[in-house]
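**Q** Pasting a structure here, questions to come.
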Amino acid sequence: MSETQISLDNPKSLSQLSDNDFQSLLLEGVSRTFALTIPQLPTKLYSVVANAYLLCRIVDTIEDEVSLSVLQKKQFCTDFIDVVKTGVNAEPFAIDIAPLLSEQTIPAEHTLIHVLPRVIQITHSFDPDQIQALAQCVETMAEGMPIFQAKDLKGGLETLADLDKYCYYVAGCVGEMLAKLFCHYSTEIALHKDELLTLSVSFGQGLQMTNILKDIWDDAHRGVCWLPQDIFNETGFDLNKLSIETNNEQFRVGLAHLIGIAQEHLHNALLYTQKIPAHETGIRNFCLWALGMAILTLRKIKQNLDFTHANQVKITRNSVKATILSTRLIGSNNTLLSLLFNLSSRELKTPNWSYSVNSSKANFDL
């Protein structure tokens, strides 16, 4: 079979690829961002982190599938936890769920479900500690996300604490998993394991909050809002009245507050990255590129608080290139990284607004 015939549109053709090429092609289909950042990792980390992302994306696919009921999603999530932990029954699982996916699920995710048995086979080729880290992350996501899927989210989450919990389930636990994988990879990194595990939760929350703020209006179109009611109650805006026609200064004040909170979490992301040894340029690039793109996105939102579509606050390719170039130039220098972060994010802070960033899952009632 020639290379030109290998494509995501033909799942059987992927069997011709090596494990790394197989996962790389899947990543390109389901996430351009991670298809860009994961290859920056050292060779010994690339395969396991790529696999981890694909596992998480399968959970996302289940949770986002509109044709599935809440009970079906919960059952599929429970079954998938067992598949990841044990490595068995992957094929029956894929056969059961594949026909239920609707056209609203993107073609690349359809393919990911069809080739799920090979993804699981790769999972169980790793060291036991790596498998455990991946399985714990999947279990946290798959048990936590259905809790929020069962809620009426038209008027947002009740409190900022609820947003913290949601972000932990969908992103903070991923940050923890990555910290564990980094520590498994390097005894030098493992010296900072406790600090990294704590900061990793905040790192994940900063990235997830950025996505939530960017996608406010896309979510609203689906009748979903992930913003916390208590923040907007303080500004005098009722999230139940949120619509694409919203043109309200009180809403924009609340939005600015959340941008400031996200900035504090991303500052923890910087501290996390600075604890990675300077010579581990691949891991640093992986972290810094995600951090840089999040800061640029928040800046664009802050400059356009009246935006009505995610495309209006999407960063340009030139901005991505600038992020990559700047981190390559100064990525090993903690002092310069701090200076760049402070300069690029200073407009994101909210004056006269106090919020203590919780970077640990210890206070979550999980």
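The values are calculated or read from the model by the stated rules, or taken from the named source; none is laboratory data. Since the structure is predicted, the reported quantities are computational estimates derived from the model, not experimental observations. Heads up, the Cβs are rebuilt from the backbone with ideal geometry, glycines too, and the neighbour counts pull from every protein chain shown.
**Q** Quick test for you: out of F22, F34, pick the one residue that is within 22 Å of I276 (Cβ to Cβ) and within 23 Å of the chain's Cα centre (by Cα).
**A** F34
**Q** Sticking with this structure for a sec: Of the numbered conditions (1) surrounded by fewer than 18 Cβ atoms within 10 Å (Cβ to Cβ); (2) without any contact (Cβ under 8 Å) to a residue 60 or more places away in the chain; (3) assigned to a loop (DSSP other than H, G, I, E, B), I315 fails exactly one; give the number of that condition.
**A** It is condition (1) that I315 fails.
**Q** Going by the structure shown, is I212 within 30 Å of A256 (Cβ to Cβ) and touching a residue at least 60 places away in the same chain (Cβ under 8 Å)?
**A** No.
**Q** Then there's this: Right, I259: at negative phi and either touching a Phe, Trp or Tyr at 6+ places or on another chain (Cβ under 9 Å) or not assigned by TED's automatic domain parsing to the domain that holds R317 (or both) or not?
**A** Considered against the rule, which asks whether it is at negative phi and either touching a Phe, Trp or Tyr at 6+ places or on another chain (Cβ under 9 Å) or not assigned by TED's automatic domain parsing to the domain that holds R317 (or both), I259 comes out as no.
**Q** Sticking with this structure for a sec: Taking the conditions exactly as written (among the β-branched types (V, I, T), assigned to a loop (DSSP other than H, G, I, E, B) and either in the same structural domain as M145 (by TED's automatic domain parsing) or without any contact (Cβ under 8 Å) to a residue 40 or more places away in the chain (or both)), does V66 satisfy them or not?
**A** Judged against the criteria, V66 is a match.
**Q** Ok, one more. Determine, yes or no, whether E109 is of a type in the set (D, E) and either outside any helix (DSSP H, G or I) or under 25 Å from T43 (Cβ atoms) (or both).
**A** Values: of a type in the set (D, E): yes; either outside any helix (DSSP H, G or I) or under 25 Å from T43 (Cβ atoms) (or both): no.
Answer is no for this residue.
**Q** Here's a check for you: in segment 185-209, which residue that is charged (D, E, K, R) and touching a residue at least 24 places away in the same chain (Cβ under 8 Å) is surrounded by the fewest Cβ atoms within 10 Å (Cβ to Cβ)?
**A** Residue satisfying both the conditions and the ranking: E188.
**Q** Restricting to segment 148-172, name every residue that is over 16 Å from I216 (Cα atoms) and among the basic types (K, R).
**A** K151, K165
**Q** Then there's this: Taking helices (runs of 4 or more DSSP H) that do not extend beyond segment 184-264, which have at least 2 residues that are among the aliphatic types (A, V, I, L, M)?
**A** In segment 184-264, 187-190, 193-214, 216-221 are the helices (runs of 4 or more DSSP H) which contain 2 or more residues that are among the aliphatic types (A, V, I, L, M).
**Q** Then there's this: If D9 meets every condition in (1) in the same structural domain as H114 (by TED's automatic domain parsing); (2) not in a helix (DSSP H, G or I) apart from one, which number is that one?
**A** (1)
**Q** I would also like to ask the following. Identify, from the list T140, T111, the residue that is crowded, with 22+ Cβ neighbours inside 10 Å and among the hydroxyl-bearing types (S, T, Y).
**A** After ruling out the rest, the residue left standing is T140.
**Q** Here's something else I'd like to know. Residue check: is D127 in contact (Cβ under 8 Å) with a residue 24 or more places away in the chain and touching a strand residue (DSSP E or B) at 6+ places or on another chain (Cβ under 7 Å)?
**A** Spelling it out, it is not the case that D127 is in contact (Cβ under 8 Å) with a residue 24 or more places away in the chain and touching a strand residue (DSSP E or B) at 6+ places or on another chain (Cβ under 7 Å).
**Q** Something else: Look through segment 22-67, keep the residues that are over 22 Å from G87 (Cβ atoms) and among the acidic types (D, E), and return whichever of them is surrounded by the fewest Cβ atoms within 10 Å (Cβ to Cβ).
**A** E28
**Q** Any residue that is in contact with a helix residue (DSSP H, G or I) (Cβ under 7 Å, 6 or more places away or on another chain) and closer than 30 Å to L291 by Cα - is there at least one of those in segment 2-17?
**A** Looking through segment 2-17, at least one residue is in contact with a helix residue (DSSP H, G or I) (Cβ under 7 Å, 6 or more places away or on another chain) and closer than 30 Å to L291 by Cα.
**Q** Can you tell me which of A278, A269, A256 is at pLDDT 95 or above, within 19 Å of the chain's Cα centre (by Cα) and of a type in the set (G, A, S)?
**A** A269
**Q** In this structure, does S186 turn out to be at pLDDT 95 or above and in contact with a Leu (Cβ under 8 Å, 6 or more places away or on another chain)?
**A** no
**Q** Going by the conditions given, is I212 buried (at least 17 other Cβ atoms within 10 Å of the Cβ) and more than 19 Å from G155 (Cβ to Cβ)?
**A** No, not satisfied.
**Q** Just the residues that are among the acidic types (D, E) and assigned to a loop (DSSP other than H, G, I, E, B), please, taken from segment 112-141.
**A** Listed by number, the list holds a single entry, D127.
**Q** Which one of these is assigned by TED's automatic domain parsing to the domain that holds A269, under 23 Å from G29 (Cα atoms) and β-branched (V, I, T): V138, V115, V174, V201?
**A** Numbers: V138 fails: assigned by TED's automatic domain parsing to the domain that holds A269; V115 fails: assigned by TED's automatic domain parsing to the domain that holds A269; V201 fails: under 23 Å from G29 (Cα atoms).
Going through V138, V115, V174, V201 in turn, the sole match is V174.
**Q** In segment 124-158, what residues are within 20 Å of G175 (Cβ to Cβ), modelled with pLDDT under 95 and over 17 Å from the mean Cα position of the chain (by Cα)?
**A** Residue satisfying the conditions is I147 alone.
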